[in-house]
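First the structure, in the form of C-alpha cells, and then the observations on it.
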Amino acid sequence: SSDVCSSDLGAYGRADAGTPVIDHLAAEGTRFTDVHAQSDFTTASTLSLLFSQWFTQMVLLRPRSPGPSLASAFQGQGYSTAAFIGTAVLFDPRVSEGFAVYRSAALESGGVWSAQRTTDEALRWVQAQRRDHPWFLWLMYWNLHSSDAQRDEAQRQRVISDIDSELGRLLAATRGSA
C-alpha cells in the first residue's frame, strides 16, 4: 500500500507491528532508510516509479509516455508481466503500459478490492506461470486508504497486518518459481 510508513513495520523498530513477512523480506533484502515520494497523489507517485521520471516530467508529457516503463523493460527481457490493482484511483492509462495482464478494481468494479481479493487475483496468475520462466508482478493493496484505517491507529495496524498475511500467502505460493 502507498500509505505504509517505516514506523508501521517491525523491520524499522515497531515492536507491535504484526508484520513478520515484511520484516523477514527486509532482513533478507535491501532495507531503504531514506525514501521520498514524488507527489502526495497516488497516481503521480506511481507513474514516477514505473517510468523512473520526475512527477513534473510526467505532467508535462501527459498524455504520452516518457519512454519505456519498468514493466516494458522486464517484458523486453522475456519476463511475463502482470499487475493487480485493488483500487479505483489509478485512472491514468499509462499505469498499465508494459503489463501483459493488468487487472484493476477500477476497470472491473469501479470500487476497491480487499487485500484477500487482490492476492487471489494475483495467485491465479502466478499459478498459471511456468516454473522456469521469469515474471514480474506488481500488486497494489488499497485497504489503508479507508477512512477507518486513517482515523484509528489500532485499525491501521490490523490492516497492515492483514496485508502482511496476504503477502505471506502469495510468497508461499511462489516458492520454486523463476
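The rows are residues; the columns are (1) of a type in the set (A, V, I, L, M); (2) within 18 Å of Phe51 (Cβ to Cβ); (3) open to solvent by 50 Å² or more (accessible area, probe 1.4 Å).
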residue: Gly67; (1), (2), (3): no, yes, no
residue: Ala71; (1), (2), (3): yes, yes, no
residue: Phe74; (1), (2), (3): no, yes, yes
residue: Ala83; (1), (2), (3): yes, yes, no
residue: Val95; (1), (2), (3): yes, yes, no
residue: Gly98; (1), (2), (3): no, yes, no
residue: Val101; (1), (2), (3): yes, no, no
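Do we find a residue being open to solvent by 50 Å² or more (accessible area, probe 1.4 Å), among the basic types (Lys, Arg), at pLDDT 90 or above and in contact with a helix residue (DSSP H, G or I) (Cβ under 6 Å, 6 or more places away or on another chain) anywhere in the stretch 111-124? Scanning the stretch 111-124, I find no residue that is open to solvent by 50 Å² or more (accessible area, probe 1.4 Å), among the basic types (Lys, Arg), at pLDDT 90 or above and in contact with a helix residue (DSSP H, G or I) (Cβ under 6 Å, 6 or more places away or on another chain), so the answer is no. Leu25 passes every criterion in (1) part of a helix (DSSP H, G or I); (2) over 19 Å from the mean Cα position of the chain (by Cα); (3) at pLDDT 80 or above apart from (2). The residues of the stretch 78-97 that are under 18 Å from His133 (Cβ atoms) and out of contact with any strand residue (DSSP E or B) (no Cβ under 9 Å at 6 or more places or on another chain) amount to a single one, Gly78. I'd like to know if the stretch 28-38 contains one or more residues that are at pLDDT 80 or above, crowded, with 20+ Cβ neighbours inside 10 Å and charged (D, E, K, R). Taking every residue of the stretch 28-38 in turn, none turns out to be at pLDDT 80 or above, crowded, with 20+ Cβ neighbours inside 10 Å and charged (D, E, K, R). Looking at the structure I just gave you, is Thr19 modelled with pLDDT of 85 or more, under 20 Å from Leu167 (Cβ atoms) and open to solvent by less than 30 Å² (accessible area, probe 1.4 Å)? Against the criterion (modelled with pLDDT of 85 or more, under 20 Å from Leu167 (Cβ atoms) and open to solvent by less than 30 Å² (accessible area, probe 1.4 Å)), Thr19 qualifies.
Pairs meeting the criteria (first residue in the stretch 13-38 and free of Cβ contacts under 8 Å to residues at least 60 places away in the same chain and on the phi > 0 side of the Ramachandran plot, second residue among the polar types (S, T, N, Q) and open to solvent by less than 90 Å² (accessible area, probe 1.4 Å), beta carbons under 9 Å, at least 6 apart or on different chains) are Gly13/Ser6; Gly13/Ser7.
The values are calculated or read from the model by the stated rules, or taken from the named source; none is laboratory data. If you're wondering where the values come from, they're calculated on a predicted model, not measured in any experiment. Note: ideal-geometry Cβ built from the backbone for every residue, glycine included; neighbour counts use all protein chains shown. Side chains are part of the model used for accessible areas, which takes the heavy atoms of the whole protein and leaves out ligands, DNA and RNA. Shrake-Rupley method; radii C 1.70, N 1.55, O 1.52, S 1.80 Å.
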